[in-house]
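The values are calculated or read from the model by the stated rules, or taken from the named source; none is laboratory data. Keep in mind it's a predicted model, so treat the numbers as computed, not measured. For neighbour counting, all protein chains shown are included, and Cβ atoms are generated from backbone atoms with ideal geometry for every residue, glycine included.
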């Protein structure tokens, strides 16, 4: 019990509240069962991808990528910053935000460890861009798929409509990252000495884990179900470790707190939605499809995402936006994608990122996380929504 931190207790408390709602009838058993059916694939994906990331890091794959990145930047922090921003933004846009949070965060933290600099600048690059760079393609974020279907756009048409908001959001994020975390006064060094690339301790294990990650990414690009491809890849890696390094397999690899949090969150949000959330959302968002309505929808989506979570926030907002208000719906999408970087539970990507930081022994300064996240969220929200309004 002494080893539980504040977020552990939040997760346990959320599940307890959800179970109380279920026991008292505020959440009908049929709806609870439906919620579990909907989030079942998410829970499978979360559990499997965390195991995959943990063991891949143990095999040294992320260290190897980090070293190549630092060598490519040739000791120049500005160039390293540009490469990290591009790497994170492209990974998020072309794959999805959860893949960035799980597979790119260990790379960034390994870069910090190799250069003996604070991990915060690189860690924040990952978590912010995992959210703020997720507007471009339908695969970038689950909410994008929902919005694309609602507004009846093809994937190319969706990308064409969202390219300016994407670029504006990434640019605003980069500026905030430099000011808050990357400038000379924050990192403490002018240049660094690029490290040499060591040989992996177990080349066979290294190769199997690297191949599993490539297969996972290829499966994401191909559109395979995350709840299928992630446990398959994690299973291959677990078998490899069972054969070659059994001591690394432990129950602690399973992210129990994350699974408990997600289950409790959806129970609580479902109950709240059934008891008046829709009416509140309609009153706040309004019915206007003009610039004012677009900004209202974006702000509402961002705010509710940080109170609850971005996926239920989008779902609740979509339910009250008039079907013909396509621009307003895309404003809501921007709010729920780029806005949830203030609170740690605002998006699953942030929770996955925190698990990676916690596993690497990197402590998150939550007061600073909240302050800088609020400023960055407002900047990205204004930039991306303004870019969307320009295309109306």
Qualifying residue in the stretch 259-272 (condition: touching a helix residue (DSSP H, G or I) at 6+ places or on another chain (Cβ under 8 Å), in a helix (DSSP H, G or I), free of Cβ contacts under 8 Å to residues at least 60 places away in the same chain and crowded, with 20+ Cβ neighbours inside 10 Å): yes
Test for residue 69: is it touching a helix residue (DSSP H, G or I) at 6+ places or on another chain (Cβ under 8 Å) and modelled with pLDDT of 85 or more: no
Residue 283 vs. criteria farther than 25 Å from residue 18 by Cβ, assigned to a helix (DSSP H, G or I) and out of contact with any helix residue (DSSP H, G or I) (no Cβ under 6 Å at 6 or more places or on another chain): yes
Members of the stretch 102-135 found to be outside any helix (DSSP H, G or I) and surrounded by fewer than 24 Cβ atoms within 10 Å (Cβ to Cβ), listed by number: 116, 117, 118, 119
Residues within the stretch 143-169 that are under 20 Å from the mean Cα position of the chain (by Cα), over 17 Å from residue 314 (Cα atoms) and surrounded by fewer than 18 Cβ atoms within 10 Å (Cβ to Cβ), tallied: 2
Residue in the stretch 327-343 that is more than 21 Å from residue 173 (Cβ to Cβ) and modelled with pLDDT under 90 present: no
Criterion: closer than 30 Å to residue 108 by Cα and in a helix (DSSP H, G or I) - qualifying residue of 297, 349: 349
Qualifying residue in the stretch 85-97 (condition: crowded, with 23+ Cβ neighbours inside 10 Å, within 19 Å of the chain's Cα centre (by Cα) and under 18 Å from residue 344 (Cβ atoms)): yes
Qualifying residue in the stretch 320-339 (condition: part of a loop (DSSP other than H, G, I, E, B), within 19 Å of the chain's Cα centre (by Cα) and surrounded by fewer than 24 Cβ atoms within 10 Å (Cβ to Cβ)): no
Qualifying residue in the stretch 264-285 (condition: modelled with pLDDT of 85 or more and within 19 Å of residue 385 (Cα to Cα)): yes
Pick from the stretch 72-98, criterion in contact with a helix residue (DSSP H, G or I) (Cβ under 6 Å, 6 or more places away or on another chain) and closer than 21 Å to residue 211 by Cβ, ranking: modelled with the lowest pLDDT: 95
Unmet requirement for residue 230, which otherwise passes all of (1) under 21 Å from residue 351 (Cβ atoms); (2) loosely packed, with under 14 Cβ neighbours inside 10 Å: (2)
Test: residue 138 is under 30 Å from residue 315 (Cβ atoms), under 19 Å from the mean Cα position of the chain (by Cα), surrounded by 14 or more Cβ atoms within 10 Å (Cβ to Cβ) and free of Cβ contacts under 8 Å to residues at least 24 places away in the same chain: yes
Among the candidates 78, 37, 20, 10, residue that is assigned to a helix (DSSP H, G or I), closer than 30 Å to residue 177 by Cα, without any contact (Cβ under 8 Å) to a residue 12 or more places away in the chain and more than 18 Å from the chain's Cα centre (by Cα): 78
Among the candidates 43, 72, residue that is surrounded by fewer than 19 Cβ atoms within 10 Å (Cβ to Cβ), in contact (Cβ under 8 Å) with a residue 24 or more places away in the chain and either in contact with a strand residue (DSSP E or B) (Cβ under 6 Å, 6 or more places away or on another chain) or in a helix (DSSP H, G or I) (or both): 43
